[in-house]
1. Run the accessible area of the chain with a 1.4 Å probe and give the carbon-and-sulfur part as a rounded percent.
2. Fully extended, how many nm does the chain gain between PHE35 and ARG411 (0.36 nm per residue separation, minus their Cα-Cα distance)?
3. How much solvent-accessible surface does PHE257 expose, in Å² to the nearest 10, with a 1.4 Å probe and all protein chains in place?
4. Mind listing which trypsin sites (Lys or Arg not before Pro) in region 574-636 are in a DSSP loop and have 12 or fewer other Cβ atoms within 10 Å?
5. Report the charge-dipole magnitude of the chain in Debye, nearest 20, computed about the Cα centre from +1 at each Lys and Arg Cβ and -1 at each Asp and Glu Cβ.
6. On average, how much accessible surface per residue is there in the chain, in Å², for a 1.4 Å probe, leaving out ligands, DNA and RNA?
7. Once you list every other residue whose beta carbon is under 12 Å from the beta carbon of GLY144, what net charge do they have if Lys and Arg are +1 and Asp and Glu are -1?
8. What number, rounded to the nearest 500 deg cm²/dmol, is the helix-based mean residue ellipticity at 222 nm of the chain, given -39500 (n - 2.57) per DSSP H run of at least four residues and division by all its residues?
Amino acid sequence: MQNETETNRITVAENAGFCFGVRRAADMIAKEIAFAGSSGERIFTLGKLIHNSSYISELESEGVRVTDTGSLEKLASGASAGSPVKVFVRAHGMTLDTERLLISLSERYPFFGFADCTCPFVKKIHRIAENAPSGDRDIFILFGDAAHPECVGILSRYPGKSFVFETAKEIEEAAGSGELPTGPEITVTAAAQTTQKASEWKKSSEILEKLYTKINFFDTICYVTEKRQKEAAELASKCDCIVVIGGQDSSNTAKLFSVCCEICPDTVMVEKADDIAGKIPLNCRRAGIVAGASTPDRIIEEVYKTMSEEIKAENESFEELLDSACKTLNTGDTVTGTVIAVNDQEIKLDLGAKVTGILTAEQTTDDVSVKLSSEFRVGDKIDVFVISVSDIDGCARVSKKRADLDKNWHRIVDAKENSEILEGTVTEAVKGGVVIKIFGARVFVPASQTTVPKDGDLSVLVGQTVRFKVIEVKSGGGKGAVGSIRAAASEERRALEKQFWSEIEVGKYYDGVVRGMTEYGAFIDLGGVDGMLHKKEMSWKPIRKPADILNIGDPIRVFVRSYDPEKRQISLGYRTEESRPWNKLKASFAEGDVIDVTVSSIMSYGAFAHVTDEIDGLIHISQLALKRVDNVSDVLSVGQTVTVKIIKIDDEQQRVSLSIKAVLEDEAGEADTAEDTGDDGDAKEDISEDNA
Ligand code: SF4
């Protein structure tokens, strides 16, 4: 058990009090009571709504009466426009006959109605019983208390032969005596009453598995019950005394009592705070509280306080408890609560008042990934806003989100007054705009104030963190704010522009992006300000239009050629002297270099060949070979690669003269020299061999 209240040596089990099914029923009837006040409606429960006499007394004080199946016909026929009747079916459920009767009465009498508060977990067992095979060789075994209304309701839905057992021993005995038919031909459907003891059900299942080969088990023990029993056992093992709170006729409370008694002999069962007197052992160093599923939070709180008084807790004075018990909570109050229990669905808070604060996950945070049990610990203080207070179930519905909003609202108001730019996440696209969540508040941004074009898809913004300005606030009860992403964007753009113009200088380089193009040039975004790059500045080669070499969105490094801050004009350059083809060639080659070139065209006076990608050199006809050549095409063809020597780089004319003949002459000269000196490979080898 991780999340439990531990104050003054008293620990309250995490899942003490109303379970999901009972809280659902209590909420349904509380809503009806509020409605009935103005409509004259009479409310009845079919049997006691829950097994807790003090809660039932409170309902009675609100005019809610308990009825039974035999009185339904009379109630329905007596219902009228001025005095309609509504019957609530409790969480345990009802028999099939009663259900049919209620349906028939509500069809026959227009001012009679009923609400089925049967817990969905119980309804699931109803469906199992209704759909189980029910032939001559089929039986239905229910593990539970035969007299309990839940079991009666379940068995009424099985048309075949059924058996009820409450212990594994009972099953063994019934099988031994022949009361329970066994044998390979029998098909069994087995389920358990939701509040049965899990350990006993396990034992019983093992026996049934030995008795039958054809058996369908449905593990229908409510997880709430199972969890509570485990928690109770764990708590009992740590405490000197356990107080189990619940009605005397509550099945699940009786099970909790039995679980605790087995481990902690000083276990007592009480229904309300008054029953505690004198039951806590004098030498109790640590006490625990567990409570049945039909125990209102208010009663747990009262028992807790009474116990605190009894064991004279060191850290909390009697006067403080007295004060807090008297404190009255009102809807709309903001109070600080202390976490007394937490699970992933809700947090229970001690609000220092008669009622217990219920803070659901939904009222805690908008972030569905947050696990309450990881974020909050018993003893944590949380500021909450009181949404509603119900003395009937002893709870106050509270909201942390609303308290946070109230606390942070001034930040939204200040942001508007100071024209501050805020940053928040777009959480949803709604009709006509998007919503940004910030400081717990929802800021609406109309579509026209986003950066999405008219009629564009606003959902693209969902999940994005955006900067915005608050342009309108509505304070008071229904707080609201209107924001503008565009206003923030244009303000930031203006600030960037101002800074840009203060830092610009001729020759300064910028990493820009091509933002738009015309026939004569391209607009380059330099970071909030655009400059113009004329097409003649783009390349050393003539280009027809900018789109021949650039695309919108291309990154480009440019420099400022000139600018006019008055006219907000910037002329940009891209090509540089270093990138000029002639300069590049000169940086790479020198006269006398021997290089391979590719012939690009044949003329009558010679051939041109690529020296670089941009510049061709000329191999004059006289430079094609050692001997005279009459036709260039006799020795060269376009595309052919030849080795040439650069014989002249004419800076003034920007021409390059190449020669094949010069290469051949050099080779011939080297050959002659080698012959004259006898310097060839073989000779060297011979000499070296001789030397060796
Ligand atoms: S104990 Fe389980 S089955 Fe019974 S009412 Fe509560 S939630 Fe439903």
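The values are calculated or read from the model by the stated rules, or taken from the named source; none is laboratory data. Values in this document were obtained by computation on a predicted structure and should not be read as measured data. In this analysis, Cβ positions are derived from the backbone assuming ideal geometry, glycine residues included, and neighbour counts consider all displayed protein chains. These area figures cover heavy atoms from the full protein model, side chains too; ligands, DNA and RNA do not enter into them. Shrake-Rupley method; radii C 1.70, N 1.55, O 1.52, S 1.80 Å.
1. On the way: 17090 of 34840 Å².
In the chain, the share of accessible area belonging to carbon and sulfur is 49 percent.
2. 131.5 nm
3. 60
4. Within region 574-636, the qualifying trypsin sites (Lys or Arg not before Pro) (loop, at most 12 other Cβ atoms within 10 Å) are LYS627, ARG628.
5. For this selection, approximately 3920 debye.
6. On the way: 34840 Å² over 692 residues.
Value for the chain: 50 Å² per residue.
7. Working: positive: LYS197, LYS255; negative: ASP145, GLU150, GLU166, GLU170, GLU200.
Here the charged neighbours net out to -3.
8. Working: 19 runs with 226 residues, N = 692.
Rounded to the nearest 500, it is -10000 deg cm²/dmol.
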